[in-house]
Each structure stands twice: as structure tokens, then as C-alpha cells.
Amino acid sequence: MRRFSILKLTLKVVLVFIILLLVVGPFVGIAIWSFARIWYWPNPIPQEFTLRYWAEVFRQGRVLDSLLLSLKIALLTVGFSITIAIPAAYAFARYRLPAERILLFLFLMPQAFPQLPIFINLARVFGRMGLRGNMWGIVMAHTMASLVFSLWIITATFKSIPLDLEQAAQNLGASRWRVFWTITFPLGIPGVIAGAIHVFLWSMGEFNAAFFIGAPFIQTAPVLMYTASAGYNMQIASVIAIVLMIPSLLFMLVIERFLKAEYIAGIGG
Amino acid sequence: MVVLKTEGLKKYYGDVKALDDVSVEIKEGELLAVIGPSGSGKTTLLRSVAGFVQLDGGKIYIKGRDVTDLPPERRNVAMFFQNYALWPHMTVFENIAYGLKVRKLSKEKIKEKVEWVLNFLDIGHLANRKPSQLSGGQQQRVALARAIVVEPDLLLLDEPLSNLDAKIRMRIRFELRAMLKKLKIATLYVTHDQEEALSIADRIAVMSNGKILQVGEPREIYRKPVNLFVADFVGVNCVVRTKPELIKKLGIVVPEKGEELSLVIRAEEAILSRSNTSIKKTSNDLLLKGVIVGKLYLGAKTRYEVKLQELEDTIFINSEEEFQLDEPVQILVREGSYFVYT
């Protein structure tokens, strides 16, 4: 009995350790790097610390600019992606569409194939349309590619809402439109939020499309990070990585507040 | 005045006939119960009237208005869903007020009506709760309140008591009937529970395989079932399949045709006694001899398995009396408590 519980405990500790290593490990590495002046292998911590790189990042406007650009693109992408996904998801969830599988597959395409050639190709098309080096070009690319997340998540949510709940409203005289906005949509909000978070985080960290469509004229944060670390400036890249995390964390915190309140309780009922 | 009239409703799901030429009528203030086993088409009938089923034929009239092709939201019928279908993101008050808001009533009027129905159903104290905070019985009342508050032409109840536990169900039967009578609202009531239908309905329609087999008042359905299915479905029965000669020997007039006949015995009305007790019987009563071959204690009563002497079959009968295994007994079934069908 006792030995058994010790074994369990050991397993637990090991498990927690592994999880920490996987989840927190990379972050800790980045955090340390951002303060390191000299850090050579095999030292566990840097030989010399400095705040120089943090100061440098904030002195250079381009880091904050690119961060703001990323934020703008991500928010716009969320807006478009969700707006398109909601009606489409409702149709997928409630109606038998002709060629449903093919349609869903079409939405999956940008994610299913290696993204590099897709975005390089898209960049050429956008180039002709004057969308290269343009924020809207990236927003369009991100919207297209992120539809698969938002659409699938929201479709699943709508599908999980019992048809009875809609029929009860219809039965009491509500039009389809009214049923959707008073019953289906409020009940689907958790899924919409989950989709929004996913799209936001994905867009904030997306590199390929941002690079091929935006660079060199405009640089999103991940692209800037890439150029920094490609120049072997681990410190600058780390600082940007940390700064890049802040809007994502804030976004998740805000959204999580909504999630908690009443909707979570609602969806099971 | 006729509130609901359906004419020859048809609905096919592939080869299955869910509705096979179904015509029913409900008069003002009348409660029609549709009973039948699962798959008999009773729920399809209810959902057709609500407008949720695309019919393959037939017409539906509500207060003389042809609603066959109208969408559900324009029929002014209110449906009670079997699983209540309360909206989890709204309070009880909001749930009930929904239909009134859709009807564009003023805020004061809505408040007044909702409060009336909350009091009528004795759930005023629940107004600000969410459905997830209610017990099953409370949810049932809220669902009912939501349906009746809009004063529909017709109320559709889909198994309204089936999700309640047995003890509450018995009590609610009385309440529900009293309430519907007070409101004088025409009601189509679907249930698989024949006893519930007998106790609540003004008239009963018995369905099987998409067809209506018989429509009548509860007593008529119980005492004069038109065929074997109705006889067996209503009440607690034993059905004995046997040869006509054997039944003739018991002194019953039997239909001429048929190799085999079905004798339906209302087991709940059969009287079990020791074979030596003398019994007053008329010529139309049925007296069967048998031997106890099994028993099951039920509390107030005991359930006996009796092997019939004349009919080569066993039947189950409850009795308050105590009998021993292998004891010879007689079973008295009065006229009107047994039926013979081909």
C-alpha cells in the first residue's frame, strides 16, 4: 500500500517535471536569454547579465511598430474570420449542404498543404493586385488560412446545441433570424470565443504569409524576430518573443472572463 | 368549434409509414391523448401539427385556417417538448417571456402575464433562476408555463410527464388535468403511458404503425377495444393464442373464421380464488381453471403465474390472497374484461 503510493508520487513528480520542462522550459530559456550578455555552453546561466537589449528594443521604434502591426492584423483577421465563419458554420451544422465534404475540404486546403509554396504563390498573385507590402494583403491571407480553425470550432459548437432549443423558439413565433440571434448565437458564444482565441494566437505568430506578402516593406513581429535571430542576435529575438506574448496573454485573459461567466454553465444545459 | 383538424396526413421515412392517412379532430377545450408504442407515429403526428415535419400528404387546419404549408412560427400552437428544451442562458422569467416578446407585447403587459402564469403554476419564487438550478419537476412547470402564457390556439404536449419520477408523476396527473380544464385550452397530448391517457384525456386515439386504430372516450377505449392491438395496449392484460374449439368449450361465442384466436384477458380485473370456493357467475362471465406455478411478492399484492387447464397456456394475475405453489385455482373474468379476436 505504502510502496504503491510512493511509486504514484514519484510518477506524479516526474510527470509534473516533464510538463514544466515542456511548457515552461522554453519560456525560461527565452527569458534568461533576454537578459544575457555573455552565455556560453555549458554554463547553466549566463556569465554576464544585462538590460541592454530590452532598452535597445524599446528605443528602436520598429519593434513596437511591428508589434502594433501584428496586433492590428490579428484583430482584423479575427474579425473577418469569425464573421465569415459564423454563418458558414451554422449552415454546416444545421443544413445538409450539397458537397459538404468538398466544401469543408476547401477550407482545410491552406492548412493541409505545406504553407510555404501556398503563400509564395499567393504573394505573386497579391503582387499583381497591389496587395504586397500591404497590411490588408496579410489580413486576407490570414483570414483565408485561419477559416479552417474558426469554421471547424464554431461548427462543432453549433452542432452541439440541441435542435429542440431552436424549435422551441420557432414554435413560440420567432423567425429563423430571431432564433439565431436570441438562442443559437448566445449559446454558441463559447465556441466563437474559442475560435477567436485560436485565430488570434495563430495570426500573431504566423510567419510565412507575413514574410512573403509583407516583407520587406512591412514587418510583423514574428518576421522581425526572425530577422533578429537570423542575425544571431538571440537577445533581441528573445525580447521580441516575450513582448509578443503580452498581447496574446491579455487577449486570452479578457476572453476567459467572458467564457467563465454564464456561458460555460449554459452549454451543457 | 373544431380547433384542430387533420385530414389524411401522410409521412413516409423510406419504407416506414410514420403517418398513414391520419385524421383527427380536437374540439374547443378538449384534451385528446394519442397513445401508442414507440415508433407508432404519435410523435410524428404532434410534430407535424407543430410544423416541424415535412408531410407527404394531407391537410392540417387550426381553427379553420389551413396551416399545412405555414412555417412553425406562424401556426400559433405552443409545444411542450419532452426534454423541456428550456434555454439555459435565460432565467425562468426570460424563458417564459420569450413568446410574449416575439408577439411584441409591451413590457408591462409581458410582466403582468408572466407573473400571472408564475403564480398559476406556483413557481413565482423561481423567476430569477436559471434552468440548470431547477429540479426536474420545476423545469417541467416552467416549460408548461412558457407554452401556455402565449395563449395558443392549441397546446401540444409531448410526453409531458415521462421525465418525472413515478411518484411525482401520479400527483402531477391530477394537477395537469385540473389546470388544462381550468384554462379550457384545446390540447393534443402524446404519451406511451395508456394509464396516464385514460386518467387525463377526454378522448383517446390509439396509434400503431402510423395508423389510428380507434378514437374514443377513455371508457370506450378500455371497454370496447376494436381490435387485438387496442385491447392489449390498454390496461394490463394477458393474451392467450389458442384454437377456436378450446374457447368454444368455455362457453364463449367466437368468430367463425380463423385457425387461431386471441383471448385477451384484463389481468388487472381477473379474480383469482381457490378452486373449491363457490362463485356467482353469469353466463357471459368466463371461469378458467388452473394451477399456481409461480409467485412473486409485490407488497400489497402477490403476482401469480397460473397454468391454465383448458387453454394450454400460462397467465399472470395479481391477487391479495395467499396461494401455495401447485395449488389448484380458478380465475373469474367478468363480461367486458375479456375479448376475443381473430
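The values are calculated or read from the model by the stated rules, or taken from the named source; none is laboratory data. Note that this is a predicted model, so its numbers are computed, not measured. Glycine gets a Cβ as well: all are built from the backbone with ideal geometry, and neighbour counts include every protein chain shown.
Looking at (1) within 30 Å of B:Val24 (Cβ to Cβ); (2) modelled with pLDDT under 90; (3) assigned to a strand (DSSP E or B), which is the only condition B:Pro255 fails?
(3)
Kindly list the number of the only condition in (1) away from chain A (no Cβ under 14 Å); (2) assigned to a loop (DSSP other than H, G, I, E, B); (3) hydrophobic (A, V, I, L, M, F, W, C); (4) surrounded by 20 or more Cβ atoms within 10 Å (Cβ to Cβ) that fails for B:Ile212.
Here B:Ile212 clears every test but (2).
Failed condition for A:Glu56, given (1) without any contact (Cβ under 8 Å) to a residue 24 or more places away in the chain; (2) farther than 24 Å from A:His198 by Cβ; (3) surrounded by 14 or more Cβ atoms within 10 Å (Cβ to Cβ), with all others met?
(1)
Can you tell me which residue among A:Leu147, A:Leu187 is under 15 Å from the mean Cα position of the chain (by Cα) and farther than 24 Å from B:Ile148 by Cβ?
Details: A:Leu187 fails: under 15 Å from the mean Cα position of the chain (by Cα).
On inspection, the qualifying residue turns out to be A:Leu147.
Return yes when A:Ala112 is within 23 Å of A:Ala194 (Cα to Cα), surrounded by fewer than 14 Cβ atoms within 10 Å (Cβ to Cβ), free of Cβ contacts under 8 Å to residues at least 40 places away in the same chain and out of contact with any Gly (no Cβ under 9 Å at 6 or more places or on another chain) and no when it is not. Working first, answer last.
Details: within 23 Å of A:Ala194 (Cα to Cα): yes; surrounded by fewer than 14 Cβ atoms within 10 Å (Cβ to Cβ): yes; free of Cβ contacts under 8 Å to residues at least 40 places away in the same chain: yes; out of contact with any Gly (no Cβ under 9 Å at 6 or more places or on another chain): yes.
Spelling it out, A:Ala112 is indeed within 23 Å of A:Ala194 (Cα to Cα), surrounded by fewer than 14 Cβ atoms within 10 Å (Cβ to Cβ), free of Cβ contacts under 8 Å to residues at least 40 places away in the same chain and out of contact with any Gly (no Cβ under 9 Å at 6 or more places or on another chain).
Go through segment B:158-180 and report how many residues are surrounded by 14 or more Cβ atoms within 10 Å (Cβ to Cβ) and among the basic types (Lys, Arg).
Residues in segment B:158-180 being surrounded by 14 or more Cβ atoms within 10 Å (Cβ to Cβ) and among the basic types (Lys, Arg): 3 in total.
Does B:Pro131 satisfy the condition of being within 11 Å of chain A (Cβ to nearest Cβ), closer than 30 Å to B:Asp193 by Cβ and either surrounded by fewer than 16 Cβ atoms within 10 Å (Cβ to Cβ) or under 26 Å from the mean Cα position of the chain (by Cα) (or both)? Spell out how you get there, then give the answer.
On the way: within 11 Å of chain A (Cβ to nearest Cβ): yes; closer than 30 Å to B:Asp193 by Cβ: yes; either surrounded by fewer than 16 Cβ atoms within 10 Å (Cβ to Cβ) or under 26 Å from the mean Cα position of the chain (by Cα) (or both): no.
Answer is no for this residue.
Quick one: in segment B:297-311, which of the residues that are of a type in the set (Lys, Arg) and part of a strand (DSSP E or B) is nearest to B:Leu332 (Cα to Cα)?
B:Lys307
Quick one: B:Ala145 ticks every box in (1) part of a loop (DSSP other than H, G, I, E, B); (2) under 19 Å from B:Leu100 (Cβ atoms); (3) away from every other protein chain (no Cβ under 11 Å) bar one, so which box is it?
The number of the failed condition is (1).
Could you tell me which of the residues B:His125, B:His89 is more than 16 Å from B:Leu180 (Cβ to Cβ), over 27 Å from the mean Cα position of the chain (by Cα) and away from every other protein chain (no Cβ under 13 Å)?
Numbers: B:His89 fails: away from every other protein chain (no Cβ under 13 Å).
Checking each option against the conditions leaves just B:His125.
Residue by residue, here is whether (1) closer than 21 Å to A:Leu244 by Cα; (2) within 25 Å of the chain's Cα centre (by Cα) holds:
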residue: A:Trp33; (1), (2): yes, yes
residue: A:Ile38; (1), (2): no, no
residue: A:Arg59; (1), (2): yes, no
residue: A:Lys72; (1), (2): yes, yes
residue: A:Gly79; (1), (2): yes, yes
residue: A:Tyr90; (1), (2): no, yes
residue: A:Leu106; (1), (2): no, yes
residue: A:Leu131; (1), (2): no, yes
residue: A:Met140; (1), (2): no, yes
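Any chance segment B:70-87 includes a residue that's over 30 Å from B:Gly124 (Cα atoms), surrounded by fewer than 22 Cβ atoms within 10 Å (Cβ to Cβ), in contact (Cβ under 8 Å) with a residue 12 or more places away in the chain and not charged (D, E, K, R)? Even if it seems obvious, please write down each step before you answer.
Initial filter on segment B:70-87 (over 30 Å from B:Gly124 (Cα atoms)): B:70-71.
Add one more test, that the residue is surrounded by fewer than 22 Cβ atoms within 10 Å (Cβ to Cβ), and what stays is B:70-71.
Adding the requirement that they be in contact (Cβ under 8 Å) with a residue 12 or more places away in the chain leaves B:70-71.
Pick out the ones that are also not charged (D, E, K, R) and you get B:70-71.
Yes, there is a match, as at least one residue in segment B:70-87 is over 30 Å from B:Gly124 (Cα atoms), surrounded by fewer than 22 Cβ atoms within 10 Å (Cβ to Cβ), in contact (Cβ under 8 Å) with a residue 12 or more places away in the chain and not charged (D, E, K, R).
Do we have any residue at all in segment B:31-47 that's over 18 Å from the mean Cα position of the chain (by Cα) and surrounded by 14 or more Cβ atoms within 10 Å (Cβ to Cβ)?
First, the residues of segment B:31-47 that are over 18 Å from the mean Cα position of the chain (by Cα): none.
Among the residues of segment B:31-47, not one is over 18 Å from the mean Cα position of the chain (by Cα) and surrounded by 14 or more Cβ atoms within 10 Å (Cβ to Cβ), which makes the answer no.
Which residue pairs have Cβ atoms closer than 7 Å, lie 6 or more positions apart in sequence or on different chains, and pair a first residue in segment A:5-31 that is surrounded by 10 or more Cβ atoms within 10 Å (Cβ to Cβ) with a second residue that is assigned to a helix (DSSP H, G or I)?
Close Cβ pairs (under 7 Å, with a partner that is assigned to a helix (DSSP H, G or I)) amount to A:Ile30/A:Ser238; A:Ile30/A:Ala241; A:Ile30/A:Ile242; A:Ala31/A:Ile242.
Listed residues B:Leu100, B:Leu105; which is at pLDDT 95 or above and within 14 Å of chain A (Cβ to nearest Cβ)? So that I can check it myself, show each step before the final result.
On the way: B:Leu105 fails: at pLDDT 95 or above.
Of B:Leu100, B:Leu105, the one residue that is at pLDDT 95 or above and within 14 Å of chain A (Cβ to nearest Cβ) is B:Leu100.
Working carefully through the options B:Lys113, B:Lys109, B:Lys104, find the one that is exposed (fewer than 14 other Cβ atoms within 10 Å of the Cβ) and either among the aromatic types (Phe, Trp, Tyr) or part of a helix (DSSP H, G or I) (or both). Break it down stepwise before answering.
Numbers: B:Lys113 fails: exposed (fewer than 14 other Cβ atoms within 10 Å of the Cβ); B:Lys104 fails: either among the aromatic types (Phe, Trp, Tyr) or part of a helix (DSSP H, G or I) (or both).
Being exposed (fewer than 14 other Cβ atoms within 10 Å of the Cβ) and either among the aromatic types (Phe, Trp, Tyr) or part of a helix (DSSP H, G or I) (or both) holds for just one of B:Lys113, B:Lys109, B:Lys104, which is B:Lys109.
Just give me the residues in segment B:253-272 being surrounded by 14 or more Cβ atoms within 10 Å (Cβ to Cβ) and either under 30 Å from B:Glu322 (Cβ atoms) or of a type in the set (A, V, I, L, M, F, W, C) (or both), in sequence order.
Of all residues in segment B:253-272, those surrounded by 14 or more Cβ atoms within 10 Å (Cβ to Cβ) come to B:254, B:261-267, B:269-272.
B:Val254, B:Leu261, B:Leu263, B:Val264, B:Ile265, B:Arg266, B:Ala267, B:Glu269, B:Ala270, B:Ile271, B:Leu272 - these are the residues of segment B:253-272 that are surrounded by 14 or more Cβ atoms within 10 Å (Cβ to Cβ) and either under 30 Å from B:Glu322 (Cβ atoms) or of a type in the set (A, V, I, L, M, F, W, C) (or both).
Exactly one condition in (1) of a type outside the set (Lys, Arg); (2) away from every other protein chain (no Cβ under 14 Å); (3) in contact with an Asp or Glu (Cβ under 9 Å, 6 or more places away or on another chain); (4) assigned to a loop (DSSP other than H, G, I, E, B) is false for B:Tyr84; which is it?
Of (1) of a type outside the set (Lys, Arg); (2) away from every other protein chain (no Cβ under 14 Å); (3) in contact with an Asp or Glu (Cβ under 9 Å, 6 or more places away or on another chain); (4) assigned to a loop (DSSP other than H, G, I, E, B), only one is false for B:Tyr84: (2).
Restricting attention to segment B:232-251, does a residue exist that is free of Cβ contacts under 8 Å to residues at least 60 places away in the same chain, assigned to a helix (DSSP H, G or I), surrounded by fewer than 16 Cβ atoms within 10 Å (Cβ to Cβ) and over 13 Å from the mean Cα position of the chain (by Cα)?
The answer is yes, given that some residue of segment B:232-251 is free of Cβ contacts under 8 Å to residues at least 60 places away in the same chain, assigned to a helix (DSSP H, G or I), surrounded by fewer than 16 Cβ atoms within 10 Å (Cβ to Cβ) and over 13 Å from the mean Cα position of the chain (by Cα).
Out of segment B:312-325, which residues are aliphatic (A, V, I, L, M) and either outside the structural domain of B:Ile271 (by TED's automatic domain parsing) or part of a strand (DSSP E or B) (or both)?
Step one: of segment B:312-325, the residues aliphatic (A, V, I, L, M) are B:315, B:317, B:325.
Those that are aliphatic (A, V, I, L, M) and either outside the structural domain of B:Ile271 (by TED's automatic domain parsing) or part of a strand (DSSP E or B) (or both): B:Ile315, B:Ile317.
Do any helices (runs of 4 or more DSSP H) entirely within segment A:131-182 hold 3 or more residues that are buried (at least 20 other Cβ atoms within 10 Å of the Cβ), and if so, which? It would help to see each step written out before you state the result.
On the way: elements: A:135-160, A:163-171, A:176-179.
By residue number, A:135-160, A:163-171.
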